[in-house]
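Notes to accompany the following structure.
The values are calculated or read from the model by the stated rules, or taken from the named source; none is laboratory data. It should be emphasised that the depicted structure is a prediction, and the values quoted were computed from it without experimental measurement. FYI the Cβ positions are ideal-geometry reconstructions off the backbone, even for glycines, and counts take in every protein chain you see. Surface areas here come from the heavy atoms of the whole protein model, side chains and all, with no ligands, DNA or RNA. Shrake-Rupley method; radii C 1.70, N 1.55, O 1.52, S 1.80 Å.
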Amino acid sequence: MMIIEGILAEVGRHDIVAACNAVLASPATEKDVLLRFWSREALFSREARHGWMEPDLAEFKPRASGHMPA
């Protein structure tokens with residue numbers, strides 16, 4: 001949800017079509033996008049399932065412009 005909020009903050013919420021297109025064209029739709037920030041072990045751990053866990057691979061500051069770790 002934080003990824004989508006970041007996209008909407010850049011694109012705006014007034015034009016719903018543009019907002020939807022921006023989300024669909026962003027890295028947020030990639031199947032494994034969260035694995036850019038968390039290892040598989042961390043992401044699927046008990047701790048992660050029960051609350052927020054800081055990323056262990058890269059800082060989590062996603063933006064619509066695609067500046068996300070590869």
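Listing for the model above:
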{"read-out": "Fraction of accessible area attributable to carbon and sulfur, the stretch 1-56 (%, probe 1.4 Å)", "value": "59 percent"}
{"read-out": "Peptide ranges 39-52, 18-31 listed from the most packed, as the mean C-beta count within 10 angstrom indicates", "value": "18-31, 39-52"}
